[in-house]
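No lab work stands behind these numbers, since they all come straight from the coordinates. Remember, it's a predicted structure, so these values are computed and weren't measured experimentally. Cβ atoms come from the backbone with ideal geometry, glycine included; neighbour counts cover every protein chain shown.
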Protein chains: 2
Amino acid sequence: MHQESHVTSSNIVRDIIIGMSDGLTVPFALTAGLSGVLDTNHLIIVSGLSEIAAGCISMGLGGFLAGQTEIEHYDSELKREYEEIEKVPETERKEVEEIFIAMGVDEALSKQVTLQISQDKDKWVDFMMRFELGLDKPDKNRAYQSAITIALAYLTGGLIPLAPYVIIANNQHGFYWSCVITILALIVFGYFKSKVTGQPLLKGTLKVAFTGILAAAAAYAIAKMIS
Amino acid sequence: MHQESHVTSSNIVRDIIIGMSDGLTVPFALTAGLSGVLDTNHLIIVSGLSEIAAGCISMGLGGFLAGQTEIEHYDSELKREYEEIEKVPETERKEVEEIFIAMGVDEALSKQVTLQISQDKDKWVDFMMRFELGLDKPDKNRAYQSAITIALAYLTGGLIPLAPYVIIANNQHGFYWSCVITILALIVFGYFKSKVTGQPLLKGTLKVAFTGILAAAAAYAIAKMIS
């Protein structure tokens with residue numbers, strides 16, 4: 001039970017990181033780019049919110065459908081493995097043996113271990129799924145949860161760079177404040193991301209901040225160039 | 001060698017799918033949203049290109065840095081496993097035994113297999129990495145290749161919905177043509193994605209098209225509402 005709760009919480013953390021990485025970066029970059037070419041804040045806010053809606057749906061729904069596909073794929077492979085151990089048990093036993101031989105176990109012992117594993121059909125199929133196909137059982141509820149977590153994290157991240165344009169009427173001032181609070185947010189997010197994923201704190205934080213700043217600089221440069 | 005080339009090509013395909021899923025969806029949705037509120041195509045194109053630049057960098061560089069982190073994480077875990085089998089070999093052997101017992105192998109045989117695997121330190125560590133920690137050796141060149149593939153796929157996907165606004169001066173006509181060619185592109189992409197990932201073709205195609213259309217509808221509705 002402890003293990004399970006650990007896995008669940010780190011999946012949520014992983015989804016928050018996925019959503020917030022893009023959420024803090026893309027809407028920030030887009031609004032920064034547009035702030036250099038638009039006269040009023042209004043259109044910056046409209047563009048920013050449109051982008052956030054599109055990003056939430058693309059990442060959230062996209063993630064949900066990908067999760068569903070993963071479950072379907074796992075289930076169809078599982079069915080096939082059960083069929084195969086019925087139809088061609090000797091071929092399947094040979095496959096298990098070869099996995100053990102590759103691990104450095106001699107042939108005689110590999111045969112013995114294989115014989116024991118293949119006593120229990122569920123354990124045998126489980127072995128094939130994990131060690132032959134490299135597939136872990138996907139959690140059926142994860143797809144929903146993951147979609148909502150990613151979308152909310154994208155929304156939260158995206159509203160941060162947008163807030164100054166809503167509060168401050170002047171779009172140049174809005175741009176400065178958007179840079180200030182978003183870079184701060186990127187640093188805070190980068191720090192927690194590094195802590196959670198066990199990366200060196202300074203390096204991890206700088207990576208996140210640098211990605212956001214580079215994306216914004218590129219969007220700004222492109223918008224300036226073509227307008 | 002055959003196996004390896006198979007894995008490499010499907011990694012590229014996977015990266016193309018990742019980049020193009022969002023690339024066909026988010027710039028399409030954003031420009032569709034803005035076409036309802038902007039009078040000239042010029043700003044739609046500026047916004048679209050800014051978004052594509054931001055998206056390419058966020059997804060490409062983000063993916064690159066994530067890949068680097070994965071390599072660093074793998075290397076540090078590898079180093080720790082080598083240290084552990086030197087320092088506490090009995091504990092590590094016990095862990096291997098427990099993995100086999102969980103597979104349905106009896107205690108005596110688990111001990112024997114463990115003894116054989118632990119003869120060769122490289123194979124032993126390899127076993128611990130894959131079966132205790134569930135880590136596969138990341139390819140050092142993958143991070144670069146993956147970043148470039150994802151960014152180019154995003155760019156390619158993003159230019160499709162933008163093209164009509166560049167070619168057609170009237171923004172309403174641009175919007176209609178953008179919808180037509182992007183929905184066609186989503187269908188073609190959804191078809192190939194389903195084929196490559198082994199999903200049912202009709203269902204898989206509809207999923208991709210539906211995500212793009214829903215994102216565009218949401219962006220359009222939000223832009224209309226607040227402008």
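Of everything in the stretch B:200-218 that's touching a helix residue (DSSP H, G or I) at 6+ places or on another chain (Cβ under 6 Å) and not aliphatic (A, V, I, L, M), which residue is nearest to B:Leu34 (Cα to Cα)?
B:Gly212
For B:Gly204, which of the numbered conditions (1) within 11 Å of another protein chain (Cβ to nearest Cβ); (2) touching a residue at least 40 places away in the same chain (Cβ under 8 Å) fails to hold?
(2)
Can you confirm whether the stretch A:14-29 contains a residue that is more than 28 Å from A:Lys207 (Cβ to Cβ) and either facing chain B (nearest Cβ under 8 Å) or assigned to a helix (DSSP H, G or I) (or both)?
no
Quickly run through the stretch B:27-77 and pick out the residues that are hydroxyl-bearing (Ser, Thr, Tyr), surrounded by fewer than 22 Cβ atoms within 10 Å (Cβ to Cβ) and free of Cβ contacts under 8 Å to residues at least 60 places away in the same chain.
Scanning the stretch B:27-77 gives B:Thr69, B:Ser76.
Going residue by residue through the stretch A:190-206, is there one that turns out to be buried (at least 22 other Cβ atoms within 10 Å of the Cβ), polar (S, T, N, Q) and in a helix (DSSP H, G or I)?
Within the stretch A:190-206 (the criterion being buried (at least 22 other Cβ atoms within 10 Å of the Cβ), polar (S, T, N, Q) and in a helix (DSSP H, G or I)), the answer is no, since none of the residues qualifies.
Would you be able to tell me the number of residues in the stretch A:127-149 that are touching a residue at least 60 places away in the same chain (Cβ under 8 Å), within 13 Å of chain B (Cβ to nearest Cβ) and small (Gly, Ala, Ser)?
Matching residues across the stretch A:127-149 total 2.
State whether one or more residues within the stretch A:150-166 are more than 11 Å from every other protein chain (Cβ to nearest Cβ), outside any helix (DSSP H, G or I) and not basic (Lys, Arg).
Within the stretch A:150-166, none of the residues are more than 11 Å from every other protein chain (Cβ to nearest Cβ), outside any helix (DSSP H, G or I) and not basic (Lys, Arg).
Given the conditions (1) under 23 Å from the mean Cα position of the chain (by Cα); (2) of a type in the set (Asp, Glu); (3) within 27 Å of A:Thr197 (Cα to Cα), report the number of the one that B:Glu51 does not fulfil.
In the conditions (1) under 23 Å from the mean Cα position of the chain (by Cα); (2) of a type in the set (Asp, Glu); (3) within 27 Å of A:Thr197 (Cα to Cα), B:Glu51 misses (3) alone.
In this structure, does B:Ala54 turn out to be aliphatic (A, V, I, L, M) and over 30 Å from B:Tyr176 (Cβ atoms)?
no
How about the stretch A:35-126: which helices (runs of 4 or more DSSP H) wholly inside it have at least 1 residues that are more than 7 Å from every other protein chain (Cβ to nearest Cβ), under 30 Å from B:Ser50 (Cα atoms) and not acidic (Asp, Glu)?
It comes to A:41-87.
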